[in-house]
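I have placed the structure first, in the form of structure tokens, so that the comments after it can refer back to it.
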Amino acid sequence: MKSTIPQLAVLFLLLVSARIAAAQDALPDLVRQIKPSVVSVLTYDAKGQPLISGTGFFVRPGEVVTNYHVIHGARRVEIHTLEGKGRTYAVDGALKIDEEGDLALLKVDLPAERSRPLTLSASLPEDGEKVFVIGNPLRLEGSVSDGIVSAVREVPSVGKIIQITAPVSHGNSGSPLINMRGQVVGIITVKVTNGQNINLALASSRIAALAPGALMSFDEVATRNKSTTQPEVLAELWYRGGIDSLWLGNYDSALNYFETAANRNPRRPETWIQIGYCKVKQGRNDEAIRAYKRALQLSPQWSEAYSRLGDAYFFAGRFNEAIEAYKQAARLQPEQAEAHYNLALAYLEIGDRESAMEQSRILQTIDSDLNKKLLTEMQQ
């Protein structure tokens, strides 16, 4: 028996080493496969002078996604492909702008064979999963860095945020974050705090929701949605500061930003959602409930607000009230898997297993993976 244990340990170490070696061997092949789908994004002002550069990648033929902040303020944009010696193409304009998610969908007229869309992953990566980035840090085109997923967290109204160990720098904004199956799990968004880059990506589900619309020129993009009142301008600046703090997981700082934004413009429901979320993270659930109710007063049919309200009730131990809030969220958005999952958990807390199973059956038709997680928790 004693001699068997070391042998098993050796076999285990050999297996792990083999898997690591296989992953390392696979990386160069994946890079060769992915690189033709990645582009440099070059921006210019009205006088033709260069502005900042970033990265983008094809999501559909002739459609490149990048960060909104890369093209913000530009009057002309070009992309430079990375295959071979590369080619430069003019960008016709933007098909969609998502300021909250810091995304821009660009239209490029180029031959079909030079437009190679990447596959978006439908699921989040796991903590510790190996990933890599291809981008253009400091204009060093096609640079590759790899690492692992450090953590996955959430920013309300934005989505899941993936923190990675792979080094990123200016110019990496808009780079695809790739798993070892060659799928895009996120898009790099470089955030800078205290002079240091924080290696973060927005999960690919937000990219998948970026449906193309009417083509906008960059002059139109630069002038869209400009507020005319000083309080709203200031409120937006404070709100954006809060979002940046949430990306970094700094809830105390984010709350200060959002509360200041609410003082400047109390009519924006998203601000109250963010205030509630920060207070839940601080364990101040009763205050969070009041903030979420304020959001619902401003936007009574908002499914996410009901879902967040349910969370605050749940963490406060008020499970029957949580159930009612989750029911409203599921009613307003029946295909939202999280609402049925949360509702099932709340039912389990009050001992109503039959109702929890009913939500499980609904969840199975919407998100089978999340339903497996629910069934596992029901068995514990």
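Structure notes:
- Averaged over its residues, the chain has an accessible area of 49 Å² per residue, based on protein heavy atoms and a 1.4 Å probe.
- The stretch between MET180 and GLU287, if pulled fully straight at 0.36 nm per residue, gains 34.2 nm over its current Cα-Cα span.
- Relative contact order of the chain, pairs being alpha-carbon contacts under 8 Å that are 6 or more residues apart, as %: 10
- Geometric descriptor of the range 212-305, per residue, is 128 Å³ (volume of the convex hull of the Cα atoms).
- Note on surface exposure: TRP247, TRP272 rank TRP272, TRP247 by accessible area, highest first, 1.4 Å probe.
- Relative contact order (percent, whole number), the range 337-380, Cα cutoff 8 Å, 6+ residue spacing: 41
- Helical contribution to [θ] at 222 nm, DSSP H n ≥ 4, -39,500 (n - 2.57), averaged over the chain, rounded to 500: -14500 deg cm²/dmol
- Relative protection proxy for 100-107, 302-309, from highest mean packing down: 302-309, 100-107 (other beta-carbon atoms within 10 angstrom).
- Computed from the Cβ-Cβ distance with R0 of 22 Å, the FRET efficiency linking SER355 to ARG331 stands at 0.90.
- Listed pairs LYS47/LYS85; LYS35/LYS160; LYS107/LYS160; LYS35/LYS130 exceeding 23 Å between Cα atoms: LYS47/LYS85; LYS35/LYS160; LYS107/LYS160
- A 1.4 Å probe, protein heavy atoms only, puts the accessible area of LYS35 near 60 Å².
- Correct choice for Rg and Dmax of the Cα atoms in Å that was computed from the model, options (i) 23.0, 79; (ii) 25.1, 84; (iii) 21.1, 70: (i)
- Among the protein heavy atoms of the range 163-307, carbon and sulfur supply 46% of the accessible surface, probe 1.4 Å, non-protein parts ignored.
- Our summary gives the range 307-380 a relative contact order of 24 percent, counting only alpha carbon pairs under 8 angstrom and 6 or more residues apart.
- With a 1.4 Å probe rolled over the protein heavy atoms of all chains, the accessible area of MET378, MET216, MET357 falls in the order MET357, MET216, MET378, largest first.
- In this view, the solvent-accessible surface of VAL280, computed with a 1.4 Å probe and all protein chains in place, comes to about 30 Å².
- Semi-axis lengths (Å, descending) of the ellipsoid that matches the C-alpha gyration tensor of the range 68-152: 26, 18, 14
- Among VAL131, VAL31, VAL144, the sequence by solvent-accessible area, most first, with a 1.4 Å probe is VAL144, VAL31, VAL131.
- With DNA, RNA and ligands ignored, accessible area of LEU237 (1.4 Å probe; Å², nearest 10): 110
The values are calculated or read from the model by the stated rules, or taken from the named source; none is laboratory data. Here the structure is a predicted model, which means the values were calculated and not measured. Don't worry about glycine lacking a Cβ; one is built from the backbone with ideal geometry, like all the others, and counts go over all protein chains shown. Heads up: the accessible areas ignore ligands, DNA and RNA and are worked out on the full protein's heavy atoms, side chains in. Shrake-Rupley method; radii C 1.70, N 1.55, O 1.52, S 1.80 Å.
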